Amino acid sequence: MLNTSVNKSRLNNEQPSRVLTAASLSEMTKHCNYLTGQSVGNGILAQHYRELPLGPILCLAEGEGRNAVFLAEQGYEVTTVDASAVGLAKAINLATARGVNIHTVQADLAEFDLGTGQWTGIVSIFCHLPPTIRQVALQTPL
């Protein structure tokens, strides 16, 4: 299991965060090329992806797809779920440009059925889940 820590002093100096909705995320991402870039996925994922068994991987709140595309390039069967249609369209475009396939699902994670026994791994990077959804996600058997 991967463990990351948060710089608490940085959090104390930040302004209160605003609630991001599918509409606000789509609005943010439609006016820029790629908000988080197109390079290799998140550094932690790039360092530890080999710990994920090959097979179907679910990427939660994947947005523009850089992590999903990175995993697909490594041979994983990737499904992404995100609330933003704009972000998912960019994910598909990035996958196409890189010559890999990903499956996208537009859904609110509060209503998305993670299923049971469908995934060899679930990736959640920069996905801030409300406690009730987080509890279900973390207890879902792979």
| message | Under the 0.36 nm per residue contour assumption, what length would be gained going from the current alpha-carbon distance of LEU129 and THR116 to full extension? | response | 2.8 nm
| field | Within-14-Å neighbourhood charge of PHE112 [Cβ basis; K, R +1; D, E -1] | value | -4
| task | Mind ranking 98-107, 63-72, 79-88 by how tightly packed they are, going by the mean number of other C-beta atoms within 10 angstrom, highest first? | result | 63-72, 79-88, 98-107
| field | Evaluated at q = 0.13 Å⁻¹: base-10 log I(q)/I(0), Debye formula over Cα of the stretch 40-139 | value | -0.40
| query | Between ALA46 and GLN106, what is the label-to-label distance in nm when each label sits 7 Å out along the Cα-to-Cβ direction? | reply | 3.1 nm
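Here, each number is a calculation from the coordinates, and none is a lab measurement. The model shown is predicted, which means the values in this text are computed figures rather than measured ones. When we count neighbours, we look across all protein chains shown, and the Cβ atoms used for this are built from the backbone with ideal geometry, even at glycine.
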